[in-house]
Structure formats: C-alpha cells, structure tokens
1. How large is the helix-only mean residue ellipticity at 222 nm for the chain, computed as the sum of -39500 (n - 2.57) over DSSP H runs with n ≥ 4, divided by its residue count, in deg cm²/dmol to the nearest 500?
2. Quick one: if you take sqrt(5λ) for each eigenvalue of the C-alpha gyration tensor of region 98-234, what semi-axes come out, biggest first, whole angstrom?
3. Leaving out ligands and nucleic acids, note down the accessible area per residue over the chain with a 1.4 angstrom probe, in whole Å².
4. Give the residue list of GluC sites (Glu not before Pro) in region 58-151 that are DSSP loop and have at most 14 other beta-carbon atoms within 10 angstrom.
5. Roughly how much of His45 is accessible, in Å² to the nearest 10, using a 1.4 Å probe?
6. Using DSSP to define loop residues, name the GluC sites (Glu not before Pro) in region 194-290 whose beta-carbon has at most 11 other beta-carbon atoms within 10 Å.
7. Just for the Cα atoms in region 1-137, what are the lengths along the principal axes, largest first, rounded to whole Å?
8. What is the percent carbon and sulfur in the accessible area of region 1-80, measuring with a 1.4 Å probe over the protein chains and ignoring ligands?
Amino acid sequence: MSESHVSAQQKAVEEDLVNRVLASFDNCENPRLKQVMQSLTVHLHDFIRDVRLTEEEWNYGIDFLTKVGHITDDKRQEFVLLSDTLGASMQTIAVNNEAYGDATEATVFGPFFLDDAPKVENGGDISFGAAGQPAWVEGTVKDTEGNPISGARIEVWECDEDGLYDVQYGDDRRTARAHLFSDEQGRYAFWGLTPVPYPIPHDGPVGQMLQSVGRSPVRAAHLHFMVTAPEKRTLVTHIFVDGDPQLEIGDSVFGVKDSLIKEFKRQPAGTETPDGRDLGEQTWAHARFDIVLAPAES
Ligand code: BEZ
Ligand code: FE
C-alpha cells in the first residue's frame, strides 16, 4: 500500500503519534538537541509512512543495525561505512565545507588515516617499500588570495598496488603514508604510488547490503590528503586518477568531485625524473595537485 491510499482516519492516527513524539522533546533545555531530535522524528516517521514499513522489514532493519554494531570495534567502524555508502558522510562534508572562492573541495576521510605517520622531507618517498608504480606528486599550497602558505602540514596516505592499506596487513608495517611540510614558496613534492581502485571493507553487513542492491564496493583510485595550516580550514580530500574506469562505474562512497580528478601522466621507463632519481626499467607517473585552503572561519 502506498501512503496516498491511506484513509483520513488512519492518517490522523499516524499524525497524532508524530505530534506526541515531537512534543516529548518540548522541555529539552538544549535548543540544538531539541531541533535535531524533532527533525529526526519528522524524517524517520515520514520514511516509515512513505514506504509503509512492514513489521518484518522493521525487524530486518533492527537486525541489520545490530550486526553493524557487533562488527564495530576500535579498528572497524561499520557505522561510518554505512554512512559512507549511503552518501551521508559526503552530505555532511558538503554542509560543513561550503564552497569558498577557489578553495579545494573536500571529500571523505575514510578509515585508514593514522596520526603518527612518518615525516618525509619535501621530495621524499612516502611509499616505504609498498608495491606500485611510482608517482611524483607535486603542487603548491596557497590561500584563496593566491598567497603561498609555507609550513602547511600535508598528510598523505594510500593503498598499495594490491588495493591494501598498510593497516590491513595485520602486521606493524607503516607504508604508503607520511607527512611533509610545504616550503617557503608553498611548494611540496613527494614520491608516492599511482593510485589503484580497491574495495572498501565488504565482508560485513554493509558489504551484504551493497551486494543485495547490486552495488559494487569498489572505490575509484585515489590518494588521500589532509592539509592543515594556522587560521585555515583543515582540508580532508583526495585526488582521483583521470582515465580510471571506476570513475565511470561510480565510487562506492560518492567521494568523487570533478575538480579532484587529476592526470597521472604515465612516463615511459627511462624518462628523466624530476629529482634525478634512477627508476631503471620502471615506468612512473607525474601528477600535479595545487591546493587552496579556505580561511578557518568560512
Ligand atoms: C577510503 O578511501 O580509504 C575509504 C573511504 C570510505 C570508506 C572506506 C574506505
Ligand atoms: Fe582510501
């Protein structure tokens, strides 16, 4: 039955319940909490009434959320994964990172950041032995007026050519992640790996949900960045690889923005590298990512 076939008498019963739940928050002394709870009530009841949720489906939903809870621990955050795959994470990012001039766009954080990644010098190698095609990534960090930002802290992390982050190996390796700082002219550069597509963790309830609805768990190839500088809005973002077929198929967490798709220009083996590094018979890629940070209060 659709909502439009509901009798006036039935509608009145349902609306009365919504109003009573809304009123139950009337004495909440925290106005923001009251707003959030009342809005949640409206949307949740709208959803239940819109789809005419059956009791069997309600039970299924509770069972699903219980499984999401059971698999979640200090390393595996299935609730965030659920939020990511429903686009709720990207919507929250959109709401909280309003466009400001030509400031670089933000995207999802993901579960694989570590706050104790090693420091490399500008031009250093963040791969620490992780397998993959080397990629020279360079650019600048500027403010929205075009002034270079020196000393910006740039955290970078990515998976290896097998689509795995270091933390997924279950040992204590620390590879394909580091932090570095922009120089006096706001420039930065490092050797990383050409990103490859990889699946988000999909051996749990969120993976089952994706499979049930015919969706792929695969993310478009990307390299994560988090850039911080005094008085600037912290930027959490990635760059994506122009030409990656997964961009057409779709990113499982809706993280792609056109402005973040960059060319990783493939260089034949033997092509001279920007820092004179000898890569022997290996091909490599060259990418440029100029970063613009918005003011903190924007
Ligand atoms: C990631 O890019 O690392 C990621 C983002 C969202 C969910 C899972 C993984
Ligand atoms: Fe990632």
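The values are calculated or read from the model by the stated rules, or taken from the named source; none is laboratory data. Source: prediction; values computed, not measured. Quick reminder, even Gly has a Cβ in these numbers, built from the backbone with ideal geometry, and neighbours come from all protein chains shown. Calculation scope for accessible area: heavy atoms of the full protein, side chains included, ligands and nucleic acids excluded. Shrake-Rupley method; radii C 1.70, N 1.55, O 1.52, S 1.80 Å.
1. Details: 7 runs with 83 residues, N = 298.
Calculated mean residue ellipticity at 222 nm is -8500 deg cm²/dmol.
2. 29, 19, 12
3. 55 Å²
4. Glu98, Glu121, Glu145
5. Counting only protein heavy atoms, the figure is 40 Å².
6. Qualifying residues, ordered by number: Glu231, Glu272, Glu281.
7. Principal-axis extents of region 1-137 (Cα, largest first): 71, 37, 30 Å.
8. 57 percent
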